[in-house]
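The values are calculated or read from the model by the stated rules, or taken from the named source; none is laboratory data. Since this is a predicted model, take the numbers as computed values, not measurements. Positions of Cβ are backbone-derived with ideal geometry, glycine not excepted, and every protein chain shown enters the neighbour counts. Accessible surface areas use protein heavy atoms only, side chains included; no ligands, DNA or RNA. Shrake-Rupley method; radii C 1.70, N 1.55, O 1.52, S 1.80 Å.
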Amino acid sequence: METRDRHLRLLTETIEAVNSTLDLEEVLTLVAAKVAAALEADACFVYLFDERAGELVLRATFGTLIDEMTRRPRMRPGEGITGSAAAARAPVMLDSQAHLDPRFKHFPNLPEDEYESILAVPILTRDGTLEGALNVRTREPRAFSDDEIDLLLVIAAQVAQSIEHAKLYAEAQRRVHELEALARISEAVSESLYLEESLEAIVKTTMEAVGATGAALVLEDGNIAWPEGHAGAYAVRLPLRWKRRQIGELVCDRDTPFTDEERALLASIAHHAAVALEHGRAVMRGVLAQEIHHRVKNNLQTVASLLRLQARSAAADPRKALEDSVNRILAIAAVHEVLTEQREEEVELRELLERLRAMLVQGLGAGKDVRAELEAVSLAGQRATALALVFSELFQNALEHGGDAVRIALQRRDGEVVLTIADDGRGIDGAASGTGLSIVQALVRDELQGRLELTGDRGTRAEVVFPA
């Protein structure tokens, strides 16, 4: 009667353990401990059947610890005593010297040979599907009774039910995990207008979703758009396809093999990555087209204004007026060229002024001594255009009306930028009151919010000062 009470209590506690959590590892650990206690066994081992690998894998133990530094014990149905019970779908019991049985399978990290007896039963669902197997072991010889064998079969049936529930829960959790990962990627793609940000979010989310050691997006030209982490023992390469054309690859690394479900998730991520890549490129094309349109429109408006000023001028030499207009247009073109090459919103003035100096010296300053000391100063595109025109007018005037030497300086001083152009000619002449000077004064005042100072002692010195 005492034994039956203990068995009934074990069955009740096992059912409670099965229903207490959906965490499969926790359930199996509880079952192993309670079974060993109720049957007064020294150890209990619970194996689950990995259908994909076709193997029984040890998932929980009581009484003996697994050496976690080595591979988990695995066996195929039919291998070992427990595998024989699983293959036969029936209990197997040996009351002594179990390790001498020809069916015994030795694992170097599982010291089962210290046990004498074994009772192994299959874990079967109601329809007979194999979910695993479990066994109890004793160090002393022992013959398990029919009641104990029946009890272990009932417990195994309860474990099988728990496994089914846990699998459904794990599948639901996996789907939620996948949807969350895809939602984060979709959010990154839709919210960010910058391609690099989208690609970075995709790679980092990919690593989190599958526990990868590293991931990267490789574009069709072979360039790695965004690498993260490091290589692993296993790698998956998935194509990024857009309208039947491969535009890159998603590469993912890990130290353990990828499951079919994880490969399916990575395929979905690769699809999102392809969409993000094309979306980002389309945005960049649109932004670039808008920026080009904006710059060209502003430059054409500036050119039109300069031509109107020139047309109102009373200059007697049409050829000279046309040449001046050409130089002004070339100055604007130089700013546009620097902006395009640097792909920045600001222009490096030292490079810009060097280009303009070389262009004007080639046309007007043959044989003159021109020296420049230019500090590194950056200006936004529109202000850089104004300064380019100012420089061209003042430098051209120095080349045409100055002496043999021209000095150019660009420097920062007390929060201001100072551009100086000085020559050793006879000083300010009538040209100082012409169309060119009117253009310079208007640009310095309106575009640069600065001031122009002209002095004529021992040559002409023009100094433009404006806030940095």
Checklist outcome for this item: Once both label points are put 7 Å beyond Cα along the C-beta direction, the E26-Q97 separation in nm becomes 4.5 nm
Next on the checklist: For a Förster distance of 41 Å, can you work out the FRET efficiency between the beta-carbons of T64 and I224, rounded to the nearest 0.05?
Outcome noted: 0.30
Checklist entry - In what sequence, largest accessible area first, do L151, L219 appear using a 1.4 Å probe? => result L219, L151
Checklist entry - Taking θ as phi - 60°, what are the ³J(HN,Hα) couplings along the range 388-393 by the Karplus curve (6.51, -1.76, 1.60), each to the nearest whole Hz, with x for Gly and Pro? => result 4, 5, 4, 4, 4, 5
Item to check | Chain lengthening between E346 and A267 when straightened (0.36 nm per residue, less Cα-Cα) | outcome: 24.3 nm
Next on the checklist: Suppose each label sits 7 Å from its Cα in the direction of the beta carbon; what would the E114-Q362 distance come out to in nanometres?
Outcome noted: 8.9 nm
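Would you kindly state how much longer the chain becomes between S145 and D255 on full extension, computed as 0.36 nm times their sequence separation minus their alpha carbon distance, in nm to one decimal?
The S145-D255 span can extend by a further 35.0 nm.
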Checklist entry - When you count, for each residue, the other Cβ atoms within 10 Å and take the mean per peptide, how do 270-277, 369-376 rank with the highest first? => result 270-277, 369-376
Checklist entry - How would you rank 355-361, 76-82, 228-234, 414-420, highest first, on the average number of other Cβ atoms within 10 Å across their residues? => result 76-82, 355-361, 414-420, 228-234
